[in-house]
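Worksheet: one structure, shown below.
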Amino acid sequence: MNTTAPLIDPFARAISYLRVSVTDRCDFRCVYCMAENMTFLPKAELLSLEELDRLCSSFVNLGVKKLRITGGEPLVRRGIMTFFEAMGRHLETGALDELTLTTNGSQLSRFAQPLYDLGMRRINVSLDTLKDDKFAAITRWGRLPQVLAGIEAPAPRVCALKSMWLRSKGSMRMSCSTSNPGAHSTIWTSPLSR
Ligand code: SF4
């Protein structure tokens, strides 16, 4: 339940959507994003998982209803499930309508089920191409089969009822939805063309 005045933007609209980056690290090195030899922020300069919980819970208390977790790659942060479990309690109480994640998909085969179990129902997977060699060239350290294995992990596998390729503003988008309300709905988006 909100106990304080909601957040309002300069046009008097209530702010209900928050994106939070939980790490600057990633297990890929996409050519358009990072140098191969990156220097990341010292860990001491990042918010701890407890501080992220406190921050996000404060925003939920101020009226945020949809929370998207991003990185870097959020699933490579050590102990990140502790944070997701903490956010899951806001789904349980109804304070939060949706908890979502933007990921490169590399860790999904491990995390899809626990994320589903704590209430996550939608994940965005960044995927630049479906060609193995191009994928390896773009991401440097990424391998397509690893990502596809994550997308096909047990929790989201039921989503593949409808898919379509869209081209808009030079982007490639594949959306996948389901008629099963209890299943993951997954959307792939890409900043690059095929
Ligand atoms: S997967 Fe995302 S965060 Fe990681 S290097 Fe590629 S674009 Fe950057």
Across the range 24-33, in residue order, what do the Karplus-derived ³J(HN,Hα) couplings come to in whole Hz, using 6.51 cos²θ - 1.76 cosθ + 1.60 with θ = phi - 60° and x for Gly and Pro? 9, 8, 7, 8, 10, 9, 4, 5, 8, 10
Using θ = phi - 60° and Karplus 6.51 cos²θ - 1.76 cosθ + 1.60, couplings along the range 112-127 (whole Hz; Gly, Pro as x): 4, 5, x, 5, 4, 4, 8, x, 6, 10, 8, 9, 9, 10, 6, 8
Taking amide H atoms as placed 1.01 Å from N in the peptide plane, list the residues 5 or more away in sequence, or in a different chain, whose amide H sits under 5 Å from that of residue 100. 67, 68, 69
Compute the convex hull volume of the Cα atoms of the range 81-148, divide it by the residue count, and report the result per residue in Å³ as a whole number. 83
Once phi is turned into ³J(HN,Hα) by the Karplus curve 6.51 cos²θ - 1.76 cosθ + 1.60 with θ = phi - 60°, what whole-Hz value does each residue of the range 77-93 show in order, with x for glycine and proline? 6, 4, x, 4, 5, 4, 5, 4, 5, 4, 6, x, 5, 6, 5, 4, 7
5 angstrom amide H check on residue 21, placed H, neighbours 5+ away: 70
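Read-outs: derived from the displayed coordinates by stated rules, not from any lab. Since the structure is predicted, the reported quantities are computational estimates derived from the model, not experimental observations.
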